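The values are calculated or read from the model by the stated rules, or taken from the named source; none is laboratory data. All values reported here derive from a predicted model rather than from experimental measurement. Positions of Cβ are generated from backbone atoms using ideal geometry, with glycine treated the same way; all protein chains shown enter the neighbour counts.
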């Protein structure tokens, strides 16, 4: 089971890399996805942490969920609700350690901490019927253009990069040496816009006239592509 959980998490991230769809890095309005970014929340309002944030962000973008709330089948039932027939859960993981006492060769005892990870499924509240109304509240609409952050605008403007706006894609185009961004107003928060712009401008630095960074990418999703994405994520 432990190996399966690690493998499932790894497979999900690799699959996104191979498709070129780092879903947790798409915080603009994609179709019916609107509102400010927030960490995924448990049924009691406590946020998820670690890899679970990326896993559930990705699931939300793929399925178009607006609510940040997630819960287990049992938690929904305890709230008098039920998961709709045919709905599939999404994997989250719980990591901790257990302490094991072992006898040494000299007869003494030594405690050893052993890490473990277990996985379980959660459902977004949009997959569940009969929950209290506050679980279904919609996030705020897309942002006002007046919310641009002056010092961030100045910083990115000083890079000298050719930054163009329009469409529904954020990417760096190597051939034309420009960064393409969706309109500011389509993002869920000013911070989301600037974080995405910073990510794409990191790719912009790889150009031969700048850092001349080349990991040997031959095709979309290969090892060179993945290495470049890891640089932009760091």
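Worth pointing out:
- Single unsatisfied condition, residue 161 versus (1) assigned to a loop (DSSP other than H, G, I, E, B); (2) more than 23 Å from the chain's Cα centre (by Cα); (3) at pLDDT below 90: (3)
- Enumeration of residues in segment 59-86 that are at pLDDT below 85 and assigned to a loop (DSSP other than H, G, I, E, B): 64, 65, 66, 67
- In segment 97-109, the residues that are exposed (fewer than 10 other Cβ atoms within 10 Å of the Cβ) and either assigned to a strand (DSSP E or B) or touching a strand residue (DSSP E or B) at 6+ places or on another chain (Cβ under 7 Å) (or both): 98, 99, 101, 102, 103, 104, 109
- Criterion (under 26 Å from residue 68 (Cα atoms) and modelled with pLDDT of 90 or more) met by exactly one of 147, 137, 201, 131: 131
- Any pair with Cβ under 6 angstrom, 6 or more apart, that starts in segment 184-201 at a residue that is within 14 Å of residue 146 (Cα to Cα) and ends at one that is surrounded by fewer than 20 Cβ atoms within 10 Å (Cβ to Cβ) and at pLDDT 90 or above: 190/149
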